[in-house]
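Written below as C-alpha cells is the structure these notes are about.
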Amino acid sequence: MTGGPARASLRLRLMGWLAGPVAVVLAASVWLSYANALHQATLIMNRDLTSSARMMAEQVRFRDGAVGVVVPPAALEIFATDSHDEVAYAVFDPAGVLIAGFPGLTPPARAAGDTGPVLFDAVFRGDEVMRAVTLRQPVITPDGTVVATVAVGETLRSRNALVRALWLRGFAQQAVLVLAAALSIWVGISRELRPLMRLRRAVLDRPPQSVEPFDETAIQTELRPLVAALNAHMARLAAYLDRQQRFLDGAAHQMRTPLAILKMQLGVARRGTTPDQVREVLGTVDSGLTAMTRVTNQLLTLGRVEHERARQSTELVDLRAVLRGVVGDIAPRALDAGVDLVLDAEAPCPVLANGVLLREVAMNLVDNAIQHAGRGATATVSARMVDGMGVLAVCDTGPGVPPGDRARLFRRFARGAAGTGLGLTIVAEIAEMFGGTVELPPVATGFAVAVRLPLAPAGQGAAATNALV
C-alpha cells in the first residue's frame with residue numbers, strides 16, 4: 001500500500017493541535033488582561049481627579065464682592081507619584097473667567113442643570129494629552145446662588161505605568177500557568193503513548209512465523225479497532241500460510257512418488273535386452289510424464305487460486321461463453337477417448353467471478369468426465385439460471401463413483417478411481433472464493449457435478465464479457 005507524505009511525530013502533532021487553541025486563548029487572555037488593567041488604572045485616575053476637583057470646589061467662596069478660591073495643597077498631593085506627571089487645574093467664575101489655575105484647560109460645554117463630574121480627554125499646551133474632570137460648584141452670593149466651574153487634569157504617564165504593572169503581572173502569571181499546562185500535557189501524552197510504544201515493540205520483537213493475536217485490552221479504547229484490524233489481518237495471514245503449507249506438503253508428496261517410479265522405469269529400460277522391452281518401458285515412462293504434466297498443471301492452477309483468493313478480484317463472466325470455449329478446446333480429446341460431448345447452454349448466464357478461474361473449473365469438470373466416464377459414454381455440459389444462481393453442471397453416463405467415496409472427493413490429493421485428486425478440490429475452492437458452492441446431485445446412472453455461483457446484479461447481465469485465456 002502506498003501512503004501519503006510521511007507523518008510527523010504523533011506526540012508533536014498532538015501538542016500542535018493543543019497548542020493552537022491554547023495560543024488563541026492566551027492571546028485573548030492577554031488582550032483581556034490589558035483591557036482590564038487599562039480599565040482599573042483609568043478608574044483609579046478618574047477617582048483621584050474627581051477627589052481633587054471636589055476639594056478645590058469646596059474652597060470656592062464669595063469674598064470681597066467676587067467669587068474666589070484658595071486651592072488646598074491636599075488637592076494636588078493626591079497626584080504625587082514617581083512618574084512626574086504634570087497636573088493642571090482651572091477655576092472659572094460664573095461668567096467663565098479664569099480666576100485660578102492654568103489657562104488652556106477648557107472644559108466641554110454642559111447643560112445648565114448638570115452639576116455632576118464630567119470626565120474628558122484634553123490636550124494641554126498643544127502637546128500634553130491629559131485625562132481631566134470638570135465639576136460645577138454652586139456658590140452662595142448676596143444676590144443669590146451662582147455656579148463656578150472647576151477643572152482638574154493630569155497627564156497619562158502614571159496611568160500608563162500602572163497599566164503596564166498590572167498587565168505584566170497578569171501576563172507573567174498566565175504564562176507560568178500555560179507553561180505548566182504545556183508540560184503537563186507533554187507528560188500526559190507521553191504516558192498515554194506508552195501502550196502504543198509497547199505494541200510497536202511487540203510487533204518488532206515477534207518472530208516471523210508467529211501469527212498469534214495481540215491483546216486488545218492492553219491499549220486504549222480508541223486504538224482497539226486498530227489492534228482488532230491487525231489481529232484480523234494476522235488471522236487471514238495464518239489461514240493463507242496454512243493453505244500454503246498444506247499445498248506444499250501435498251505437492252511434495254504428489255511429485256515424489258511419480259518421480260521415483262520414473263527413475264525405476266528408466267533403470268529397467270537401461271537393463272532391457274530387446275527393443276520391445278525398451279519400447280514398452282518408454283511407453284510407460286511417457287504415460288507417467290503425461291500424468292506428471294497433468295499434476296503440475298493442476299498444482300499451478302491451485303497456486304493461481306491461492307493468488308486470486310488473496311487479490312479477491314471479480315468481474316462479469318458469461319458461463320455460456322466459458323463453456324463454449326472449453327468444449328471447443330477439449331472436443332478432440334473427447335473424440336479420442338470415445339466420449340460423446342454435448343453442450344446445453346442456450347441463454348447467457350452472467351455471474352460475478354473470474355473468467356480465467358471459471359475456465360479452469362469447467363476444464364477440470366469436463367476433463368474428469370472424459371477421463372472417468374469411459375468409451376461410449378455421454379458427457380453433458382450445461383449452464384443455466386436457477387433460483388437466482390448461475391449453475392454450471394457436468395453430467396456423464398459412466399460408471400459413477402461408489403457412495404462411500406463421494407464424501408472424500410473434495411479432499412486434496414484424495415484419489416477416486418484414478419487421477420490426481422486435485423480436480424474437484426480446485427473446483428470447490430474456486431467456487432467458495434466467489435461465494436458459490438459445489439454439489440453432487442443424484443443421477444440415475446453415471447456421475448454429476450453442479451457448481452452454483454451468484455448471478456450478476458440486474459442490469460449488468462447484458463454487459464457480460466468473455467474473459468477467457
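Going from the residue with the fewest nearby Cβ atoms within 10 Å to the one with the most, Asp64, Asp114, Asp93 rank Asp64, Asp114, Asp93. Using a simple spin-label model with pseudo-atoms 7 Å out from Cα toward Cβ, Glu315 and Ala109 lie 9.4 nm apart. For the pair Val176 and Ala95 in one chain, pulling the backbone fully straight at 0.36 nm per residue adds 23.3 nm over the alpha carbon distance. Here the Karplus curve 6.51 cos²θ - 1.76 cosθ + 1.60, taken at θ = phi - 60°, turns the phi angles of the range 192-198 into couplings of 6, 7, 4, x, 5, 5, 5 Hz, with x standing for Gly and Pro.
Across the range 348-363, computed HN-Hα scalar couplings (Karplus, 6.51 cos²θ - 1.76 cosθ + 1.60, θ = phi - 60°) run x, 9, x, 10, 9, 7, 10, x, 5, 6, 5, 5, 5, 4, 4, 4 Hz from first to last residue, x flagging Gly and Pro.
The simple Förster model, with R0 at 60 Å and r as the Cβ-Cβ distance, assigns Thr445 and Arg206 a FRET efficiency of 0.60. Residues within the reach of a label modelled at Leu18 (point 7 angstrom out along Cα to beta-carbon, backbone nitrogen below 20 Å), restricted to the range 168-203, are 174-198.
Here Met264 and Thr293 are evaluated by their C-beta separation; at R0 = 25 Å the FRET efficiency comes out at 0.85.
The numbers here are math on the coordinates, done by the rules we state, and not lab data. Just so it is clear, the structure is predicted and the values come from calculations on it, not from any experiment. Ideal geometry is used to build each Cβ from the backbone, glycine not excepted, and the neighbour counts take in all protein chains shown.
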